[in-house]
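Read-outs: derived from the displayed coordinates by stated rules, not from any lab. In this text, all values refer to a predicted model and were calculated from it rather than measured experimentally. Here Cβ is always computed from backbone atoms with ideal geometry, including for glycine, and neighbour counts include all displayed protein chains.
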Amino acid sequence: MSYYKILGLDKEPFSTSPDPKFFYESKEHKSVLYRLRVAIELRRGLSVVLGDVGTGKTTLSRRLSQLLVLDPTLMMTMILNPVYESELQFLSDLAERFHIKVALAPGDEPTVLGYLKAIEKFLFDKGVEGNRTIVILIDESQKLNLSSLEVLRSLLNYETNEFKILQVILMGQMELLPRISGINNLWDRISLKYVINPLEENEVREMIDFRLKEAGYVSRYPIFTDNSIRAIYNYTQGYPRKIAMLCHDALEYLVMYKREMIDKEVIDDLIRNDVQPVNV
């Protein structure tokens, strides 16, 4: 039997998979979600969200996607692994995602220019004539190469007098920042720049309680004591992924050694024995 069943839980509360159901909206996450939705609604073009590994960017992107698909006036595609060898490959993928056909003479092969013209027509047909909001959401954006970033720069040129026709959201690690800033006419197109910071100590408690509740935990007594929360915060420095990994190990420890609560002693023992990996 899984440890979480023994504790009366319905699900694994501290999985590191990006399940939006277990996404704790910290002060930072609430702020960036709100600002992204405003930027999309106003059709402002390019938004960039950055953060260190383990700050919750991927789960944030899944939560945003979950919210956006509820809007019938919006067309969205989400790219999870943006590794493209060439402009042609990137444009081909975008065309396939939006079901865009490229007009070709018999025997001809698609070209970069052909794809750009077809995508431009699609954007004006759907985004202007059809009044649809078209969104490309890219996670792990630090993987985009220079040619792919140039494609996005070209696509962001399409606009009316009132709004940008294409909405692009880039979520990536901090290494993306200097690469974008070095591309002419891309950096100054960013309408929203946001850096996600780790959780504060009080938010660590809130995140743990939230995840336990979502997993079905019902009790008048908390599993984690206040001093264990402080120890978790000091060790993880508020990084959600590290918190989840350490809490997972702590619950297994609780079951294995038949403890009633997780206190500082348990957390210290896990850290001392290197049960919790140090990498996020």
Quiz item: How far, in degrees from 0 to 90, does helix 27-41 lean away from the longest principal axis of the Cα atoms of the chain, to the nearest 10?
Solution: 20 degrees
Practice problem: Could you tell me how many degrees, from 0 to 90 and to the nearest 10, lie between the Cα long axis of helix 201-214 and the main elongation axis, the longest principal axis, of the Cα atoms of the chain? | Solution: 90 degrees
Practice problem: For helix 226-236, report the angle its Cα long axis makes with the longest principal axis of the Cα atoms of the chain; keep it between 0 and 90° and round to the nearest 10°. | Solution: 40 degrees
Quiz item: If each residue's Cβ is checked for other Cβ atoms within 10 Å, how do 125, 93 rank with the fewest at the top?
Solution: 125, 93
Quiz item: Which pairs break 24 Å Cα to Cα here: 5/258; 30/242; 126/193; 57/121; 21/193; 57/258?
Solution: 126/193; 57/121; 21/193; 57/258
Exercise. Would you mind pulling out the separation of the Cα centroids of the range 11-52 and the range 126-163, in Å?
Key: 19 Å
Practice problem: Output the direction-averaged projected area (hull surface divided by four) of the convex hull of the alpha-carbon atoms of the chain, in nm². | Solution: 17.7 nm²
Practice problem: Would you mind telling me which residue in 181, 141, 219 has the biggest mean-square fluctuation in a Gaussian network model of the chain, where springs connect alpha carbons within a distance under 10 angstrom? | Solution: 219
Self-check item: Qualifying GluC sites (Glu not before Pro) for the range 1-110 [loop in DSSP, other Cβ within 10 Å: at most 13]
Solution: 85
Self-check item: residue 46 long-range amide H proximity, modeled H, under 5 Å
Solution: 168, 191
Practice problem: Once every Cα of the range 1-51 carries one equal point scatterer and solvent is ignored, give the base-10 log of I(q)/I(0) from the Debye formula at q = 0.21, 0.27, 0.32 Å⁻¹, two decimals. | Solution: -0.85, -1.08, -1.18
Quiz prompt | Estimated [θ] at 222 nm from DSSP helical runs (n ≥ 4, -39500 (n - 2.57)) normalised by residues in the chain, nearest 500 | solution = -13000 deg cm²/dmol
